[in-house]
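The values are calculated or read from the model by the stated rules, or taken from the named source; none is laboratory data. These numbers come from a predicted model, not from an experiment. Neighbour counts run over all protein chains shown; Cβ positions are idealised from the backbone, glycine included.
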Amino acid sequence: MNNKSSFKHRSLIAATLAGSLMMGFGANAMADSTDDIVNALIAKGVLTEEEGALLMKGRAGEKEAAAAKKDTAVSAKFKDGLAFESGDGKFKAQINGRVHTDFRSFDYNEGKNNAAVVGAGNSIAGGTPNAVSDTFELRRARLGFKANFKDYYEGEVVADLTDGGATIDVGSLNIAWWKPVQFKMGIFKMPMNLEELTSSNNIDFMERSFVNGLAPGKEIGAMVHGTPFKGVTYALALSNGNGKTRENDLREDGKDIIGRVTANFAEIMENKEMVMHAGASFSQGDQYLGSAATAIGFGGARTEGRGATFMTGPSVTGLTNRTLDRSRLGLEGAVAYGPFKAQAEWMKLNNQFATTGLSYDLDTSNWYAEALWAITGENYADAYKGGAFGSLKPKNDFNPSGFKGGLWEAGVRFSQFDASDYNVAGLATGAPLAVGVTAGSKGFAKADSWTLGLKFLPTANTRLMLNYVDTKFKDVIGGATGGLVINGERVDSEKALNMRAQWMF
């Protein structure tokens, strides 16, 4: 038998022995075990070192191919959403969504009319209609996709399905070549207001407070942000200043600049059981006051029970070559220890503009303070990260057979709305308006609101919520002919009982 035939013969014996021995091993152990068997065959003289080396070389190629395949293979799992990840961890993606279904009930008397104002309907007296009927509502329905890839990039797209057709709610790309200085561009939440930066899936009550009505929400723009030190965050953004829409007026093309900085002193002191959060934010921008009517201040102030719109600010038009200077200042704080949390925010919105012969410097100052208790003992510090609160998850899922498990939480919030600067001569309904002011302020310039909330999370992906909201309106605009009319009756308060069933993944 020549050497070539001898090698083939011994290789066949080695392969047969190796294959037989490997039948009992799992796939993860096969590569190393095969190498051990080849080395054993060399030691016993069944294979020469040269023949063993040839076999090992072939095995090395197979291992490299297997490793490459494992790195690029994508696996799926469910973790707070349908998640995908490549073997090397360089690609991660998640499909997520939310459905919030509500029922709202109000104390307005459906059958009672005030003869003096019959026919006025449901409105701020002389103006905006109000939708305050007891109703079921699909509050939110969104479907999103988020992906992290190549270590440095994160893209997100979220569709809003509640407006009669899909619209873009979020669409952004974040680049993190250096973690302390990251760059984001697209449609995303502007860095202002702790409530806004807390997902609607995780907010403390069914609706955010009066403070949130002054803050920018999701806008199109660009932002630099990061965590330069442990427990400290910052963000600085530029936006069009008009929500998710593109800029369309060259006459005043300045952008809003929006910034926020926060510190969690408990994290700085390496206390993982507490949150000691403090933050400050600001914005500055301009709007052109031209031929189109421009609402000054806000489109409408609505109760936290999502009931009546109790105030609208004035509108101006035709103020050629004039601009509105808009600025905001916000302060926020939160302290949490174990199952207890206290949180408060204050924000002032300032609008400055001039009509013919008159100048206005108008403030709206809103604030709230709240306290919450996780009755089942969950730790609020576990839900805090990067300057905002995330999801508080139950220790154990609810078991309906024994009525055990789940997360129970109770909370109370007081909020105040104050736009009394708008109840002035030249801007308020019921009196002559200044030149260029096409609609005056209407309704009430102040409001106080109490919210009591009870929340039950059967699982981390489901929420059942019950809120009672009591709102009192003050500082009537327009005197005897102003205020708020609901179902033909003049009112100065609103009581609401709201419920929500929520599912998120």
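Determine if region 227-237 includes at least one residue that is among the hydrophobic types (A, V, I, L, M, F, W, C), in contact with a Ser or Thr (Cβ under 8 Å, 6 or more places away or on another chain) and assigned to a strand (DSSP E or B). Checked region 227-237: at least one residue is among the hydrophobic types (A, V, I, L, M, F, W, C), in contact with a Ser or Thr (Cβ under 8 Å, 6 or more places away or on another chain) and assigned to a strand (DSSP E or B).
Scanning region 290-339 for residues that are among the hydrophobic types (A, V, I, L, M, F, W, C), surrounded by fewer than 20 Cβ atoms within 10 Å (Cβ to Cβ) and part of a strand (DSSP E or B) turns up ALA295, LEU329, LEU331, VAL335. The set of residues from region 288-308 being closer than 26 Å to ARG208 by Cα and more than 24 Å from the chain's Cα centre (by Cα) comprises THR294, ALA295, ILE296, ALA308.
For region 368-381, a residue qualifies if it is buried (at least 16 other Cβ atoms within 10 Å of the Cβ) and either among the acidic types (Asp, Glu) or farther than 25 Å from TRP346 by Cα (or both), and the qualifying residues are GLU370, THR376, GLU378, ASN379. ALA215 falls short of the stated requirement of being in a strand (DSSP E or B) and touching a Gly at 6+ places or on another chain (Cβ under 8 Å).
Looking across region 147-177, the residues that are of a type outside the set (Ser, Thr, Tyr), within 30 Å of PHE229 (Cβ to Cβ) and at pLDDT 95 or above come down to GLU154, GLY155, GLU156, VAL170, LEU173, ASN174, ILE175, ALA176, TRP177. Tallying residues that are among the basic types (Lys, Arg) and either surrounded by fewer than 16 Cβ atoms within 10 Å (Cβ to Cβ) or assigned to a helix (DSSP H, G or I) (or both) within region 477-492 yields 0.
Looking only at region 340-351, residues that are surrounded by fewer than 16 Cβ atoms within 10 Å (Cβ to Cβ) and not aliphatic (A, V, I, L, M) come to 1 in all. Mind counting the residues in region 351-408 that are of a type outside the set (Lys, Arg), under 17 Å from PHE456 (Cβ atoms), assigned to a strand (DSSP E or B) and without any contact (Cβ under 8 Å) to a residue 40 or more places away in the chain? Going through region 351-408 one residue at a time, the tally reaches 3. Assess whether MET190 counts as being within 16 Å of ARG326 (Cα to Cα), buried (at least 20 other Cβ atoms within 10 Å of the Cβ) and not hydroxyl-bearing (Ser, Thr, Tyr). Criteria met by MET190. Considered as a group, the residues in region 279-289 that are touching a Leu at 6+ places or on another chain (Cβ under 8 Å) and surrounded by fewer than 19 Cβ atoms within 10 Å (Cβ to Cβ) include one that is modelled with the lowest pLDDT, and that residue is ASP286. Residues in region 252-273 that are more than 22 Å from GLY299 (Cβ to Cβ), of a type in the set (Lys, Arg) and either modelled with pLDDT under 95 or not assigned by TED's automatic domain parsing to the domain that holds GLY290 (or both): LYS272 only.
GLY241 - would you say it is assigned to a strand (DSSP E or B) and at pLDDT below 95? Judged against the criteria, GLY241 is not a match.
Before we move on, is LYS230 among the charged types (D, E, K, R) and over 30 Å from LEU452 (Cβ atoms)? So LYS230 fits the description; yes. I'd like to check something: does region 221-233 contain any residue that is within 26 Å of PHE310 (Cα to Cα), of a type outside the set (D, E, K, R) and under 22 Å from the mean Cα position of the chain (by Cα)? For region 221-233, residues within 26 Å of PHE310 (Cα to Cα), of a type outside the set (D, E, K, R) and under 22 Å from the mean Cα position of the chain (by Cα): absent.
Here the condition is being surrounded by fewer than 22 Cβ atoms within 10 Å (Cβ to Cβ) and within 23 Å of the chain's Cα centre (by Cα); of LEU407, LEU392, LEU466, it holds for LEU466 alone.
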